[in-house]
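A.B. asks: Take this structure, written in structure tokens, and hold onto it; I'll ask about it next.
The values are calculated or read from the model by the stated rules, or taken from the named source; none is laboratory data. Treat the numbers as computed from the prediction; the structure is a model and nothing was measured. Here the Cβ is made from the backbone with ideal geometry for all residues, glycine too, and neighbour counts use every protein chain on show. Ligands, DNA and RNA are stripped out before the accessible areas are found, and what is left, the full protein with its side chains, is counted by its heavy atoms. Shrake-Rupley method; radii C 1.70, N 1.55, O 1.52, S 1.80 Å.
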Amino acid sequence: MLWHSLTESGKVEFVNIKFGNKTYENVDVKHLKPVKMQEHKHKRTGKELDDKKKTKKESAMNFVKQIVKEEIKNILAEKKESTIVEKFNLFLEKNVPTDPSKWSYYKAQAKKKFDVYPSAYANGWAAKQYKAAGGGWKKGK
């Protein structure tokens with residue numbers, strides 16, 4: 001066998017086969033009686049891998065969207081304005097340092113230490129140093 005088709009379900013329908021010096025193309029497998037069957041795999045191309053990653057990202061985003069929609073439905077079902085405001089404030093609140101001068105100092109140190117600022121690494125380092133020096137966080141608006 002030189003080539004085979006493959007359906008989405010994994011079945012082979014047509015093959016190109018060679019007997020001696022003669023090649024037969026697009027032969028329906030219904031007309032063949034296999035003597036020996038052998039499985040094999042093909043390497044995925046870059047596009048197939050990208051499509052798989054894209055599908056995973058899309059399914060994760062759809063999951064998050066579904067959760068947000070359900071939460072909004074639950075909030076609206078309660079019909080309590082104070083509850084709605086409280087739940088939305090959770091998304092709007094920011095953490096603020098309990099000691100702003102100390103936090104400012106460690107942010108400045110991170111700017112000197114890291115080539116890129118702001119970055120997750122730089123902010124993580126600054127937060128770790130700030131916490132080790134006794135700093136903390138509180139909810140602010």
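A.B. asks: Scan the range 53-72 residue by residue and report those that are open to solvent by 100 Å² or more (accessible area, probe 1.4 Å) and either at pLDDT below 75 or outside any helix (DSSP H, G or I) (or both).
C.D. replies: Result: 53, 54, 56, 57.
A.B. asks: Take residue 9 and tell me if it is polar (S, T, N, Q) and modelled with pLDDT under 75.
C.D. replies: yes
A.B. asks: How about the range 102-123: which of its residues are within 25 Å of residue 92 (Cβ to Cβ), free of Cβ contacts under 8 Å to residues at least 12 places away in the same chain, under 32 Å from the mean Cα position of the chain (by Cα) and open to solvent by 40 Å² or more (accessible area, probe 1.4 Å)?
C.D. replies: 118, 120
A.B. asks: Still on this structure, I have one more. Residue 127 passes all but one of (1) open to solvent by 70 Å² or more (accessible area, probe 1.4 Å); (2) within 30 Å of the chain's Cα centre (by Cα); which number fails?
C.D. replies: All conditions are met except number (1).
A.B. asks: Give the residue, chosen from 86, 78, 48, 39, that is surrounded by 10 or more Cβ atoms within 10 Å (Cβ to Cβ), of a type in the set (Asp, Glu) and either in contact with a Gly (Cβ under 9 Å, 6 or more places away or on another chain) or modelled with pLDDT of 70 or more (or both).
C.D. replies: 86
A.B. asks: So in the range 89-131, with the set limited to residues that are closer than 30 Å to residue 69 by Cα and outside any helix (DSSP H, G or I), which one is modelled with the lowest pLDDT?
C.D. replies: So the residue we want is 93.
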